[in-house]
Each structure stands twice: as structure tokens, then as C-alpha cells.
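Worksheet: the structure to be examined is printed underneath.
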Amino acid sequence: MTKRLPAQEVEQLQLKAKFFRGLGDPTRLKILELLLQRERTVTELVKALGVPQGRVSSHLACLSWCGYVTASRQGRNRYYRVADRRVRKILELARDMVAGNAEHLWACTRIGRDR
């Protein structure tokens, strides 16, 4: 007989997985890296990333809904910034872990590679 996890524990695990999926896109990660340097507008992010405005806006919406970024309006522009300074620590820890495990990560067939 298999043991079932309590519903509350399953819910917390699902939230944690969703937390990491929010970071699971290279464009979103690059947006966060750029915003850790300084506040930026969508136009500045489009220029820095070289991707269409609609795609940047979509990623910013995701990051905003998940609580990673926030924005403020100044005149006609919205300036985006990282909402929580712990994001820097998360990205630094990820960088360090990737550096030590890159070969294994590339070889992993259970997690899709970027296309």
C-alpha cells in the first residue's frame, strides 16, 4: 500500500514547483539578471534581449504575477525592478550549482533542453 501525502503538503509542493517554473525560462532569467543591475522599461529590455516587445511583456507579466518583479509608472513609462532582493541570492546559488553540475545537467534526459 502506498502512502498518500497530506493535501496541505501536496499543495505546498505544487507551489514550490510553480515557483521554480516561474524561473524556468532563459528569457525570464535574463530579464531578472538585467533588472538586478537597474530598473528598466520594456523598451530597454527589448533592446537588451533582442526579442519582440510582446514576448518581453508576456514574460514580465509572468514574473510580476509570480512576485519576482514589480513596476512603477513614471510619466509615460513603466519601470520594472526586482521585487525581492532574495532573487539575487537565488540566481547566484543557481549559477554556482550549475557551474559544478553543468555536465550532468546537459546529460539529463528527463528535463527538456531549450529549443
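Odds and ends about this structure:
- Between Ala107 and Arg76, the FRET efficiency estimated from the beta carbon spacing at R0 = 35 angstrom works out to 0.15.
- The chain: calculated mean residue ellipticity at 222 nm from DSSP helix runs of at least 4, using -39500 (n - 2.57): -20000 deg cm²/dmol
- FRET efficiency for the Arg95 to Val51 pair, using the beta carbon distance and R₀ = 22 Å, is estimated at 0.50.
- Solvent-accessible heavy-atom area per residue, rounded to whole Å², over the chain at 1.4 Å: 80 Å²
- Accessible area (Å², 1.4 Å probe, nearest 10) - Ser57: 40 Å²
- Carbon plus sulfur fraction of accessible area for the chain, probe 1.4 Å, in percent: 53 percent
- Bridgeable aspartates and glutamates around Lys47 (alpha carbons under 20 Å apart, same-chain partners fewer than 8 residues away excluded): Asp25, Glu33, Glu39.
- Its Cα centre serving as origin, segment 1-106 has a Cβ charge dipole (Lys and Arg +1, Asp and Glu -1) of approximately 360 debye.
The values are calculated or read from the model by the stated rules, or taken from the named source; none is laboratory data. Just so you know, these numbers come straight off a predicted model, no measurement behind them. Neighbour counts are summed over all protein chains in view; Cβ atoms, including those assigned to glycine, are modelled from backbone coordinates with ideal geometry. For the accessible areas, the whole protein counts, side chains as well, though only heavy atoms, and no ligand, DNA or RNA atoms are used. Shrake-Rupley method; radii C 1.70, N 1.55, O 1.52, S 1.80 Å.
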